[in-house]
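Notes for the one structure printed next.
The values are calculated or read from the model by the stated rules, or taken from the named source; none is laboratory data. Keep in mind that what you see is a predicted model, and the values were worked out from it rather than measured. Here the Cβ positions follow ideal geometry from the backbone for every residue, glycine too, while neighbour counts run over all protein chains shown. Surface accessibility is based on the protein's heavy atoms, side chains included, excluding ligands, DNA and RNA. Shrake-Rupley method; radii C 1.70, N 1.55, O 1.52, S 1.80 Å.
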Amino acid sequence: MNPRDDILDRVRRRLGRNADNAKPADTQIDAWLATHPEGPRPAVRGDLADLFCEKSRKLSSSIDTVATLAEVPAATARYLASLHLGTRAVCWPQLADLPWGEAGLTIEPRAALDADLVGITGSFCAVAETGTLALLSGPDTPAGVSLLPETHIAVVKASRIVAGMEEAWHLMRAERGALPRAVNFISGPSRTGDIEQTIVLGAHGPYRVHIIVVSGA
Amino acid sequence: MEIRSMRFKANASAKLADAGLQRNLRKAKGKFVDTRAVAIKEIDDFEGTRRAARDLRDRVLKDLDLWLERFETQATARGATVLWARDGAEICRHVVDIARRHGVKKATKSKSMLSEEAGLNQALAAAGVEPVETDLGEYILQINDNEPPSHIIAPVMHKNVEQVADLFAKTHHKPRKTDIPQLTREAREVLRSHFLTADMGISGGNFLVAETGSVALVTNEGNGRMVTTLPKVHVVITGIEKVIPTLEDLSLLMRLLPRSATGQSISNYFSVLTGVKQPDESDGPEHLYFVLVDNGRADVVGSEYHEMLRCIRCGACMNHCPVYQSIGGHAYGWVYPGPMGSILTPLYAGIENAVDLPNAATLCGQCSAVCPVLIPLPELMRKLREEQVERKLRPLAERLALKAWAWVANRPALYALGTWFAVRYLKWLAGGGDRIRVLAAAPEWTAGRDFPAPQGKTFRELYRQRQP
């Protein structure tokens with residue numbers, strides 16, 4: 001017998017599966033998938049954007065707030081200058097139309113390469129409960145931009161900050177239908193504690209995550 | 001991986017006598033305990049959340065066959081290939097076949113305990129594929145001649161920075177350094193070049209989502225993202241029990257997993273991966289394979305040990321176990337150490353191959369008190385002990401001693417006489433003190449503690465005296 005049938009047959013035998021009990025079980029499964037019930041959730045209190053910023057800082061991300069998307073390039077330039085990180089970056093093609101040049105930045109909208117030092121992304125939404133960015137992969141939102149460079153700058157629209165991960169799934173179902181290839185939840189810079197439980201930032205991914213919250217978008 | 005659990009007693013004694021290891025263990029002790037205690041307070045109803053997670057896992061496991069079929073249908077619809085493996089040898093065969101099909105020379109790996117179960121690195125190397133572990137801890141072990149991990153979350157918990165410094169200097173041919181951030185940077189640079197040149201990424205899977213045919217991967221370092229974004233082939237190796245129904249269920253379990261494991265509210269990277277790269281996408285794998293593994297799991301379904309299949313591999317049980325904290329993970333002799341390993345090893349590798357493990361516990365109950373899915377670990381260990389007795393796996397001397405005790409205990413007069421002598425003998429042995437330092441009949445037992453001395457009368461004598 002091939003491994004698949006052998007394994008499933010043994011599971012079925014152990015569970016006492018037969019035609020009579022398979023049908024009601026399948027109906028229950030359909031209902032579960034259709035309603036996708038939530039488990040108990042911690043209360044999320046106060047303003048979502050405030051909570052998101054507070055939790056993000058706890059995860060070692062830095063935060064800036066601007067009023068409009070048009071102000072993002074200037075805020076980016078300020079941040080890069082403050083840490084002497086240069087004026088070049090790669091960004092999501094989705095953000096290609098922002099006035100980067102006016103802020104004195106040289107920004108290439110494309111997928112990231114190993115040599116790129118700064119990556120700028122947007123976000124599909126963000127989760128206040130844990131201070132987490134939710135990024136979806138796609139032609140205009142390549143996943144590597146938030147991963148390969150040493151610095152990750154993420155633009156978050158305040159209107160897209162939701163309470164919990166459950167709301168992020170609701171948004172994806174409502175707006176996209178199916179999941180993209182990769183849903184990446186990012187909570188602060190890459191880290192490791194493998195040597196003597198000493199936390200070090202920048203294990204394989206970015207050393208720093210800077211979040212620009214756009215309050216009017 | 002070779003099973004060395006039958007040498008547990010000798011291994012544990014050696015680990016207790018290893019001063020260096022004891023220093024490293026003392027240093028790590030309690031860190032995850034403290035961070036977890038803080039993190040679980042962020043959840044208003046932690047107990048309710050644990051009960052919901054337990055119920056969720058139980059509901060899936062009672063229809064596991066149907067959930068696996070749902071997962072397979074969804075994953076296949078999104079362009080993945082779902083393969084099945086009965087044991088470690090079949091895992092290796094599948095992965096080597098995939099490597100050959102796509103002309104793979106190098107495979108980067110994110111942590112996968114199942115590849116440890118299978119000894120996959122050796123099989124890949126034999127097939128001419130270079131396996132590279134990319135979790136910092138797993139990488140340190142790989143360059144130390146494929147040393148096994150001693151903890152499922154912190155694989156090199158048993159090593160100190162000096163030992164890591166020696167290994168890096170020897171392997172990387174660079175000046176020796178002992179600064180932990182500098183060592184981490186050195187590993188980052190070495191591993192980055194591997195990430196960029198690998199043709200295949202191999203990962204485990206924290207969960208499989210039936211609703212969407214996805215795998216959920218949790219890492220802090222970002223290596224899980226690297227191996228699933230850069231190479232053209234991605235292979236997920238995971239146990240059949242890892243399937244859960246929906247994305248909402250994933251959210252529920254993710255409130256418990258990082259908090260229970262390292263005391264983080266959430267891990268840095270949590271990815272839900274579905275299907276292959278689309279034609280207009282610039283990154284992501286072109287080929288995605290799932291290897292769904294039995295390796296002993298199917299036979300636990302519906303058995304008296306079925307609760308063990310709820311396990312979400314957080315490691316809280318070993319972080320809180322007084323035995324694990326004293327001897328470290330290697331003494332357990334297989335992939336999974338601590339209380340979870342004391343149950344999984346006999347179940348997956350054979351009860352006769354790990355006789356000491358279910359007995360290597362004080363049954364203090366710390367493990368089940370912290371388990372995020374409420375697995376009754378001490379109760380399962382007790383059941384395994386019972387099964388050992390039923391299958392005559394206990395040592396002959398122990399069996400004969402218990403038989404003799406039962407024979408005497410069934411004869412009240414004889415029992416009274418025996419205990420009358422015994423308590424007086426022990427009192428004499430204590431020489432007027434309240435404890436016996438060395439018990440000739442059980443010298444091992446008194447090696448680590450004293451035997452409290454009886455006061456000279458049996459319970460039945462005292463009881464009779466106090467009757468009005």
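Some observations on this one:
- Label-point gap, in nm, between B:TYR415 and A:LEU171 - each point 7 angstrom along Cα→Cβ: 6.9
- Basic side chains Lys and Arg get +1 at the Cβ, acidic Asp and Glu get -1 at the Cβ, and with that the dipole of chain B about its Cα centre reaches some 2080 debye.
- Loop trypsin sites (Lys or Arg not before Pro), the range B:394-468 (other Cβ atoms within 10 Å of the site Cβ: 15 or fewer; DSSP): B:ARG437, B:ARG449
- Net length available on complete extension from B:THR362 to B:ARG435 is 24.1 nm, with 0.36 nm assigned per residue and the Cα-Cα distance removed.
- Taking each residue as 0.36 nm, the span from A:ALA19 to A:ALA67 lengthens on full extension beyond its C-alpha to C-alpha distance by 11.2 nm.
- Projecting the Cα atoms of B:LEU400, B:ALA126, B:THR49 onto the charge dipole of the protein assembly as shown (Cβ charges, centred on the Cα centre) puts B:LEU400 farthest toward the positive pole.
- Accessible-area ranking of B:LEU396, A:LEU148, largest first, probe 1.4 Å: B:LEU396, A:LEU148
- The C-alpha atoms of chain B define a longest principal axis, and helix B:377-390 lies at about 70 degrees to it.
- In the range A:1-65, a dipole from Cβ-located charges (positive for Lys and Arg, negative for Asp and Glu) runs towards its positive end, and of A:ALA31, A:VAL11, A:ALA49 it is A:VAL11 whose Cα lies farthest in that direction.
- Cα long-axis angle, helix A:165-176 against chain A (0 to 90 degrees, to the nearest 10): 90
- By the Cβ distance rule of under 4.7 Å, chain B has these cysteines without a partner: B:CYS92, B:CYS311, B:CYS314, B:CYS321, B:CYS364, B:CYS371.
- Under 20 Å from a label point set 7 Å out along the Cα-to-Cβ vector of B:MET6, the amide N atoms of the range B:266-299 belong to B:296.
- Two-site FRET efficiency, B:LYS403 against B:ARG192, from Cβ-Cβ distance with R₀ of 60 Å, rounded to 0.05: 0.40
- For the range A:36-45, Karplus couplings with θ = phi - 60° (6.51, -1.76, 1.60), whole Hz, Gly/Pro x: 5, x, 8, x, x, 10, x, 5, 10, 9
- Taking every alpha-carbon pair under 8 Å whose residues sit at least 6 apart, chain B reaches a relative contact order of 20 percent.
- Exercise: per-residue mean of other protein chain Cβ atoms within 10 Å, A:10-18: 6
- Where labels lie 7 Å past Cα in the beta-carbon direction, separation of B:THR178 and A:ASP9 in nm: 6.1
- Computed 3J(HN,Hα) for the range B:150-163, one whole-Hz value per residue from the Karplus formula 6.51 cos²θ - 1.76 cosθ + 1.60 where θ = phi - 60°, is 10, 7, 6, 9, 10, x, 10, 3, 7, 10, 9, 5, 4, 5, glycine and proline marked x.
- Here the range B:12-33 is scanned for amide nitrogen atoms under 19 Å from the site 7 Å beyond the Cα of B:ARG449 along Cα-to-Cβ, giving B:12-13, B:16-17.
- Förster radius 30 Å - calculated FRET efficiency between B:ALA442 and B:LEU393 (Cβ-Cβ, nearest 0.05): 0.90
- Two-site FRET efficiency, B:LYS41 against A:SER82, from Cβ-Cβ distance with R₀ of 51 Å, rounded to 0.05: 0.90
- Extension gain for the segment B:ALA169 to B:ALA17, taken as residue separation times 0.36 nm less the Cα-Cα distance, is 51.9 nm to one decimal.
- Charge tally in the Cβ shell below 13 Å around A:ALA25, where Lys, Arg are +1 and Asp, Glu are -1, A:ALA25 excluded: 0
- Neighbour-limited loop hits for chymotrypsin sites (Phe, Trp or Tyr not before Pro), the range B:382-468 (at most 14 other Cβ within 10 Å; DSSP other than H, G, I, E, B): B:TRP445
- Measuring how big the protein assembly as shown is from its alpha-carbon positions, Rg and Dmax come out at 27.9, 101 Å.
- Residues B:LEU230, B:LEU16, sorted by accessible area with the largest first, give B:LEU16, B:LEU230 [1.4 Å probe; ligands and nucleic acids excluded].
- Degrees, to the nearest 10: A:3-15 long Cα axis against longest axis of chain A: 60
- Label sites at B:ASN146 and B:LYS106, each approximated as a point 7 angstrom past Cα along Cα to Cβ, lie 2.0 nm apart.
- Look at the dipole of the range B:308-452 built from charges on Cβ: of B:PRO443, B:ALA430, B:VAL335, the Cα furthest out on the positive end belongs to B:ALA430.
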